[in-house]
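Values quoted throughout were computed directly from the atomic coordinates according to the rules given, and no laboratory measurement underlies them. This one's a predicted model, so the numbers in the text were calculated from it and none came from an experiment. Heads up, the Cβs are rebuilt from the backbone with ideal geometry, glycines too, and the neighbour counts pull from every protein chain shown.
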Amino acid sequence: MIRVLTVFTCATLLISQAGCSFLGTTTQTISVTASDPKAEILVNGEAVGFGRVTCELKRGKTHTFMARRGDRVGRATLVPRNRSTLGQLDFLGGCFLVIPFLGLLSPGAYEFSTSDVPIILPNVTVIEGK
């Protein structure tokens, strides 16, 4: 019985000290706006709407944003991710207790550098081969 209680206590301490980032959300809301309200917006190559779209995206990945209308295609935009406040706390705690470094492996340790992505479509139609 004492051994079970000891294992349970150690496991609970390890999990609770594993890092604040495990408590953070794994997604973040991003708003994508095209300069043309009738332009189709693509996130990671998939159409998600027209004009202005708000979507929930996973924090641990890099995402590509693009807009198109007919032959006009807006430049693909990548939104980089930075360490979130929870990630900073895990890093700081890891300097003292090592175990919180594990929190840096979770998506909650990161956030996108911006929550609003503007995409400008060119006014001129792009003709391939010229």
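Just a few scattered comments:
- Gain upon complete extension [residue 2, residue 76; 0.36 nm per residue less C-alpha separation]: 20.7 nm
- Ordering 84, 31 from the fewest to the most neighbouring beta carbons within 10 Å gives 31, 84.
- The simple spin-label model puts a point 7 Å past each Cα toward its Cβ; for residue 64 and residue 26 those points are separated by 2.4 nm.
- Under-5 Å amide H pairs with residue 39, H placed in peptide plane, nonlocal only: 51
- Footprinting exposure proxy for 83, 75, 59 (fewest neighbouring C-beta atoms within 10 Å first): 75, 83, 59
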